[in-house]
Amino acid sequence: RRKPVKTLIVMGSGGHTGEMVRLLSALDFRHFSPRLYLVARTDDMSAKRVQQLESSHVSTADSFQTVAISRSREVHQSWISTVLSFLISILDSLRILFSYQPDLILCNGPGTCVPPCVIALLLRV
């Protein structure tokens, strides 16, 4: 592909964030631009890690954005209330994916990525 790939990156939390940062550190950001990072609203650490990662790539630092979405399930959240939080996360993901329309989605399996991946499948992204 000759032009940059519009990329959506779903950041998990904890160890998932570390894994994603390692993966992204090996990428040439010039080929994956613009980048939209999805982080859970309650995950301050992942948002900070995104800022650190992007600041280390000075030449592309202006071609990314971070957006917070509702987490589909918090740690120790009851399963009954998870249904509502999952639906809210689905709606957040629908709005973002419909407007951003990425060429590529990078995620590594945390619960945060389930709603965006479901919407991407439905929208055939």
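The values are calculated or read from the model by the stated rules, or taken from the named source; none is laboratory data. Everything numeric in this text was worked out from a predicted model, so none of it was measured. Neighbour counts are summed over all protein chains in view; Cβ atoms, including those assigned to glycine, are modelled from backbone coordinates with ideal geometry. What goes into the accessible areas is simple: the full protein's heavy atoms, side chains included, and nothing from ligands, DNA or RNA. Shrake-Rupley method; radii C 1.70, N 1.55, O 1.52, S 1.80 Å.
Inside the stretch 13-37, can you point out the residues that are hydrophobic (A, V, I, L, M, F, W, C), open to solvent by 40 Å² or more (accessible area, probe 1.4 Å) and part of a helix (DSSP H, G or I)? The answer is LEU23, and nothing else.
Scanning the stretch 42-58 for residues that are over 16 Å from GLY111 (Cα atoms) and of a type in the set (D, E, K, R) gives ASP44, LYS48, ARG49, GLU54. Looking across the stretch 95-125, the residues that are open to solvent by 60 Å² or more (accessible area, probe 1.4 Å) and assigned to a loop (DSSP other than H, G, I, E, B) come down to GLN101, ASP103, ARG124, VAL125. Of note, ARG49 satisfies the criterion of being surrounded by 19 or more Cβ atoms within 10 Å (Cβ to Cβ), assigned to a helix (DSSP H, G or I), basic (Lys, Arg) and under 14 Å from the mean Cα position of the chain (by Cα). Listed by first and then second residue, the pairs with beta-carbon distance under 8 Å, at least 6 apart or on different chains, first residue in the stretch 37-52 and within 20 Å of VAL114 (Cα to Cα) and basic (Lys, Arg), second buried (at least 23 other Cβ atoms within 10 Å of the Cβ) and modelled with pLDDT under 95, are ARG41/ARG71.
Restricting attention to the stretch 59-78, the residues that are open to solvent by 40 Å² or more (accessible area, probe 1.4 Å), among the β-branched types (Val, Ile, Thr) and modelled with pLDDT of 75 or more add up to 1.
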